[in-house]
Amino acid sequence: MKFIQAGEIDLIELEPDQGMIQNLASQAGFDCNIEESERSLTLEAKPQKTKDPLVLFDAGDPANIGWFSRCQFYVDGLSGAVLQTPLTIANCRDMKGGLLQQVRIGIAKELPVTFKLPGDQTLNEQVVYALLYSLLVALRGTGVAICGHGTVSPLAGRTEKVGPQN
């Protein structure tokens, strides 16, 4: 972790280790490919066991109330931001545009110094590793809730749209 200045803005620059991320994903039961750019690290993660569905669900659907009450991660459906974390999530699609049981997770490497995690926890690489591992485990167990409609689509629960959205 380094501190950098971009004009008037002070930033935290994270330096995540790809080997560590690959190891965490494997421990959580995922195979992943990692791509790195200047400002982010992106991993495409799919379950090692193909019959295990990912529990990424629509928080607004009353049928999912049991999952919603247990989950610890919430995703903004429009932007894909995992709320109060430096992570983003997106669906992966096949050639025909159909949803695959895998996700693309982005890790921001540059964040404002004022960025705070819940509980005013300071941000460093170890905290990001813990968040990523917890998110991956939640995708296979307790679930991750999508709040609002937009670019991120549910992979579990009732996935078809009902009512005036049709």
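The values are calculated or read from the model by the stated rules, or taken from the named source; none is laboratory data. Here the structure is a predicted model, which means the values were calculated and not measured. Quick reminder, even Gly has a Cβ in these numbers, built from the backbone with ideal geometry, and neighbours come from all protein chains shown.
For the reader, a short list of remarks on this structure follows.
Conditions (1) in contact with a Ser or Thr (Cβ under 8 Å, 6 or more places away or on another chain); (2) part of a helix (DSSP H, G or I); (3) under 27 Å from E13 (Cα atoms), marked per residue:
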position: I65; (1), (2), (3): no, yes, no
position: S69; (1), (2), (3): no, yes, no
position: S79; (1), (2), (3): yes, no, yes
position: Q84; (1), (2), (3): no, no, yes
position: N91; (1), (2), (3): yes, no, yes
position: K96; (1), (2), (3): no, no, no
position: L100; (1), (2), (3): no, no, no
position: T122; (1), (2), (3): no, no, yes
position: Y133; (1), (2), (3): no, yes, yes
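- Pick from the stretch 100-141, criterion within 14 Å of the chain's Cα centre (by Cα) and among the β-branched types (V, I, T), ranking: surrounded by the fewest Cβ atoms within 10 Å (Cβ to Cβ): V137
- Evaluation of D58 against (1) farther than 14 Å from L100 by Cα; (2) at pLDDT 90 or above (one fails), failing number: (2)
- Enumeration of residues in the stretch 1-46 that are of a type in the set (V, I, T), touching a residue at least 40 places away in the same chain (Cβ under 8 Å) and surrounded by fewer than 18 Cβ atoms within 10 Å (Cβ to Cβ): I4, I9, T42
- Tabulated pairs, the stretch 139-159, first outside any loop (DSSP other than H, G, I, E, B), second surrounded by fewer than 16 Cβ atoms within 10 Å (Cβ to Cβ) and at pLDDT 90 or above, C-beta under 8 angstrom, 6+ apart or interchain: C147/L83
- Taken over the stretch 102-119, residues that are outside any loop (DSSP other than H, G, I, E, B) and under 29 Å from L11 (Cβ atoms) amount to 11.
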